[in-house]
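To start, the structure under review is shown below, and the notes come after it.
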Amino acid sequence: MTTFVLVHGAFGSPAELAPVIPEIEALGHRAIAVDLPCVDPAATLDDYARTVVEAMAGITGPVVVVGHSAGGATISLVPSRTRVDRLVYVTAVVPEPGRSIADVVGADVRETMLSVSRDDGNGCRSFDLEVLAALAPPEEREAYLAFLGATQRPQGWAALEQPWPGRSLPDVPRTYVLCTEDQIIPPAKQREMAARLGVEPIEIASEHAVFTFQPHALAAVLVAHCRST
């Protein structure tokens, strides 16, 4: 039995990841969702990685660490601190040493994040949920707004602007899952991220919040790739 350690991205929460957990369990594996200290404006990416390692304490058997969105920068720090059998980047940032998450995603994605969020005046930013929901098709906006209200949180902005503290990408097996309908990290940018890993991306027809809106498809991809771990 493989344990999947799920790591959310910027502004996210374990609630955003939760729908995929029963799907993974139905396939005979275990999953836990990590609660990063993203609401703490002083927390760094090292603090995020430490939180993941602490959540992994006591796990036996194969371990796959899965990062969503900006969570890709966090999971890339974990293999140097504890045993990891595979990393899976789900429409995620693949970091570069010395460059921030904001730098790596590029000016267009950074401006998108700024345009759909507001400065809380305490070192955090929060999504403007109405503006963000407007990105969804009209028939889906009410459901998407409810999802955002239940799962999204303030994000300490310094963690997104700090240079990534790793020396290099970890030398462990890795997988990239590309979401073809993503309006936050465009598919073309995701392909660049996968190329940085040296892998061909696996595509899922989903928007950015794939853990919530395509949990069955995502679980199938995760479990299929753990078999080679």
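The values are calculated or read from the model by the stated rules, or taken from the named source; none is laboratory data. Bear in mind the structure is a predicted one, so any value in this text is a computation, not a measurement. Note that we place each Cβ from the backbone using ideal geometry, even for glycine, and neighbour counts take in every protein chain shown. The protein model used for the area step is the full one, side chains on, heavy atoms only, and it has no ligands, DNA or RNA in it. Shrake-Rupley method; radii C 1.70, N 1.55, O 1.52, S 1.80 Å.
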**Request:** Identify all residues within region 204-227 that are over 18 Å from A31 (Cβ atoms) and surrounded by fewer than 16 Cβ atoms within 10 Å (Cβ to Cβ); write none if there are none.
**Result:** A205
**Prompt:** Could you say which residue among S100, S80 is over 28 Å from V221 (Cα atoms) and at pLDDT 95 or above?
**Reply:** S100
**Message:** Looking only at region 80-103, count every residue that is surrounded by fewer than 18 Cβ atoms within 10 Å (Cβ to Cβ), touching a residue at least 24 places away in the same chain (Cβ under 8 Å) and more than 15 Å from W164 (Cα to Cα) and tell me the total.
**Reply:** 3
**Request:** Please work out which residue is nearest to L87 (Cα to Cα), limiting yourself to region 174-186 and to residues that are at pLDDT 95 or above and buried (at least 16 other Cβ atoms within 10 Å of the Cβ).
**Result:** R174
**Request:** Being under 23 Å from A136 (Cβ atoms) and at pLDDT 95 or above narrows it down to one of H216, H208, so name that one.
**Result:** H216
**Prompt:** Of all the strands (runs of 3 or more DSSP E) wholly in region 1-99, which have at least 3 residues that are under 26 Å from T112 (Cα atoms)?
**Reply:** 63-68, 86-90
**Complete:** Note: among G166, G149, G121, just one is part of a loop (DSSP other than H, G, I, E, B), out of contact with any Asp or Glu (no Cβ under 8 Å at 6 or more places or on another chain) and open to solvent by 30 Å² or more (accessible area, probe 1.4 Å), namely G121
**Item:** Failed condition for A33, given (1) under 21 Å from S126 (Cα atoms); (2) under 13 Å from the mean Cα position of the chain (by Cα); (3) open to solvent by 10 Å² or more (accessible area, probe 1.4 Å)
**Value:** (1)
**Complete:** Restricted to region 187-229 and to residues being of a type in the set (K, R) and in contact (Cβ under 8 Å) with a residue 12 or more places away in the chain, the residue nearest to R86 (Cα to Cα) is R196
